[in-house]
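Trainee: Submitted below is the structure of interest, expressed as C-alpha cells.
The values are calculated or read from the model by the stated rules, or taken from the named source; none is laboratory data. Small disclaimer: the values here were computed from a predicted structure and weren't measured. Virtual Cβ from ideal backbone geometry, glycine too; neighbours counted across all protein chains shown. With ligands, DNA and RNA removed, areas are computed over all heavy atoms of the protein, side chains included. Shrake-Rupley method; radii C 1.70, N 1.55, O 1.52, S 1.80 Å.
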Amino acid sequence: MSQDTVTSADAEARARAAGVTVADFDPECDPAFKEDPLGTILAAQQYGDIFYSTAARGFWVVTRYDLCREISQDAAGYSNRETFTFYRNPPPVFQMPANLDPPDHTKIRRLIAPLLSPAVVRRLEPRARASVAAIAGTVAAAGGCDFMADVALRIPAEVFLEHMGLPLARADEIIATRLLPGKLNASNDPDGTLLAAAVADVRTMFEEVVAERRRRPADDIPSHLLSQTVDGEPLRDEQVLQLCHTLLGTSLGTTASTMAFLFQRLAERPELRRRITETPEIVDGLVDEAVRCFPAIPMVARTVRNDRDVRGISWKEGDRLLLLLSAANADSDVFAEPAHVDPQRGPARHLGFGAGPHRCAGALLAQMELRVLIEEWHRRIPEYHLGDLSDLTHEVSVAVRMTSLPLVVGAPSA
Ligand code: HEM
C-alpha cells in the first residue's frame, strides 16, 4: 500500500461515524493493481458495500451492483464532471461527452449517436473480418504472437482509425501516443508533464485533420461533427477536437483490453474453445461474458451533487465516488457463480459498459469487434496456449490493460 496518501478529513470522519470501513484503496500507486487489477478490485468487496478510501485525495468506493447501477442512472444526483477520482494530480483533460452533465450531455450524445449506430457498425464489420483474417493468418504462420500488440490493439485501429479521419499508415504511432496516458501516473510522471505532452500530440494530429476537413469534407467523424449544430450554433473547433480526442481514446485501448483478458482465459480453457467451434451460436453470449468479467473500464467516477444520506451514510456535495463496475459484475446476489465465464448465462445485465445516460456510446462497435475476433480467429486458430507470462504486468488508469500477452499457436507440449 502507498505511503503518500492525502485524506479528506471531513469525509473520513463521516465514514467512521457511520461505521463504514476506511481503507487505503489506491489504484494509482498500489503495485497490486499492476499485478492483477481486476482481482484487486474484486478483493475490495471485503470492505463492504460502500467504504472510504484515504488514498490520493480521498473518495468513497461502491462495490455492489444495485448501488452502482442506481448511481450511474441518477445524473441529477451525481455529476460526471470529474473522471480521475483516484489520482493525486488529476490530468487537466476535459472529456466530451463524458464530463458533461444533462442537459448539455444529452445534446452532445445526440450528435455522436449516428457515428456509432447499428448501421455504421454493420458497415464496419467487413473491415473487421478482413483485419482479423489477415492478422490471424500472420500469427498462424509465425506460430505465435504478442496478442496485445499484434492482435488486440491492431483490430480496433484497423476498424476505426479511418472512420476517425486518421491514416492507417500512422497506426503504430497513434496507438503508442494514445496508450501513453495509461502508462503514466504519480509514480512515473509526478507533475503530469509527460501526460500533458501526450495529450498535446493527439490534439495536434486532430487539429490538422479538422483544418483539412473544413476545406474538403469527407465521409468520416470529423467531417460529420463539423456539420453539426447545438442550440442552433455550429460546433466550435474546440468541441470537435475534444470529441475526436475522446472517441479515439475510448475506441482503441478499451476493446483491446477486453480482447486480451478474454483470450488469456480462452487459452486456459480448451473446453470453452471447443464450444466456440462446435456451437458458434454461443459467441454473442461469450461477448457479454467477456465484458462482464473483463471490463476494460472497471471503475468509473461520480461526484455527489447535493447532500444526501445513502445507506445511513452522510454524503456531502462534492464528495468523490468511485463505482467498482467489475466488482458489481461479480455481485453474487445478481450473478450466480460470478467467476465462471458462462456464455449461456442469459440476457446481459452487467455494468461493463456502465448504465444510465453515460452508458458506453461505442458498446455496439466493441461487441462487433469482439464477436468477429472470436469467430474469425477460432476458424483459423482453434488451438493455442499461453507463452511465458513471467513479465506480465498491467497499465492502470481509468482503463486497465495488459502490457503484453504472449500466445503460442497449437497445443502445449506434454
Ligand atoms: C469492451 C470495450 C469497451 C468497454 C468495456 C467500455 C466501457 C465504457 C464505460 C464503463 C464507460 C463509462 C460509463 C459511465 O461513466 O457510466 C464508457 C463510456 C464511453 N465509451 Fe466505452 N467501452 C468500450 C469500448 C468503446 C468503444 C469502442 C467506443 C467507441 C468510440 C467507446 C466510446 C465511449 C464513449 C464516447 C463514452 C462516453 C459516454 C458518455 O459519457 O456519454 N467505448 N465506456
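Trainee: Kindly indicate which of Arg265, Arg269 is open to solvent by 10 Å² or more (accessible area, probe 1.4 Å), among the basic types (Lys, Arg) and away from the ligand (no atom under 16 Å from the Cβ).
Mentor: Details: Arg265 fails: away from the ligand (no atom under 16 Å from the Cβ).
Unique residue meeting the criteria: Arg269.
Trainee: Can you name every residue in the range 119-141 that is polar (S, T, N, Q) and open to solvent by less than 20 Å² (accessible area, probe 1.4 Å)? Give the steps one after another, and end with the answer.
Mentor: First pass over the range 119-141, keeping only residues polar (S, T, N, Q): 131, 138.
Scanning the range 119-141 gives a single hit, Ser131.
The rows are residues; the columns are (1) within 25 Å of Ser397 (Cβ to Cβ); (2) out of contact with any helix residue (DSSP H, G or I) (no Cβ under 9 Å at 6 or more places or on another chain); (3) hydroxyl-bearing (Ser, Thr, Tyr); (4) open to solvent by 20 Å² or more (accessible area, probe 1.4 Å).
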| residue | (1), (2), (3), (4) |
| --- | --- |
| Met164 | yes, no, no, no |
| Leu168 | no, no, no, yes |
| Ala176 | yes, yes, no, yes |
| Leu195 | yes, no, no, yes |
| Ala200 | yes, yes, no, yes |
| Ala211 | no, no, no, yes |
| Arg215 | no, yes, no, yes |
| His224 | no, no, no, yes |
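Yes/no matrix, rows are residues, columns are (1) within 21 Å of Ala56 (Cα to Cα); (2) out of contact with any strand residue (DSSP E or B) (no Cβ under 6 Å at 6 or more places or on another chain):
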| residue | (1), (2) |
| --- | --- |
| Asp288 | no, yes |
| Arg292 | no, yes |
| Ile297 | yes, yes |
| Thr303 | yes, no |
| Val310 | no, yes |
| Asp331 | no, yes |
| Glu337 | no, yes |
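Trainee: Ok, one more. Which condition number does Val159 fail, the rest of (1) farther than 16 Å from Thr254 by Cβ; (2) assigned to a helix (DSSP H, G or I); (3) touching a Leu at 6+ places or on another chain (Cβ under 6 Å) being met?
Mentor: The failed condition is (1).
Trainee: Go through (1) of a type in the set (Ser, Thr, Tyr); (2) out of contact with any Lys or Arg (no Cβ under 9 Å at 6 or more places or on another chain); (3) farther than 30 Å from Val22 by Cα; (4) surrounded by fewer than 19 Cβ atoms within 10 Å (Cβ to Cβ) one by one and return the number of the condition Thr258 breaks.
Mentor: The number of the failed condition is (4).
Trainee: If you don't mind, there's one more thing I want to ask. Within the range 372-409, work out how many residues are open to solvent by 10 Å² or more (accessible area, probe 1.4 Å), closer than 30 Å to Leu184 by Cβ and among the β-branched types (Val, Ile, Thr).
Mentor: Summing the residues that are open to solvent by 10 Å² or more (accessible area, probe 1.4 Å), closer than 30 Å to Leu184 by Cβ and among the β-branched types (Val, Ile, Thr) in the range 372-409 gives 3.
Trainee: Can I ask one more? Yes or no: Glu289 crowded, with 22+ Cβ neighbours inside 10 Å, of a type in the set (Asp, Glu) and assigned to a helix (DSSP H, G or I)?
Mentor: Details: crowded, with 22+ Cβ neighbours inside 10 Å: yes; of a type in the set (Asp, Glu): yes; assigned to a helix (DSSP H, G or I): yes.
It is true that Glu289 is crowded, with 22+ Cβ neighbours inside 10 Å, of a type in the set (Asp, Glu) and assigned to a helix (DSSP H, G or I).
Trainee: Go through the range 27-115 and tell me which helices (runs of 4 or more DSSP H), entirely inside it, have 1 or more residues that are within 18 Å of Val396 (Cβ to Cβ) and open to solvent by 30 Å² or more (accessible area, probe 1.4 Å). I'd like the intermediate steps shown before the answer.
Mentor: Numbers: elements: 31-35, 37-43, 65-73, 104-112.
Per the criteria, 31-35, 37-43.
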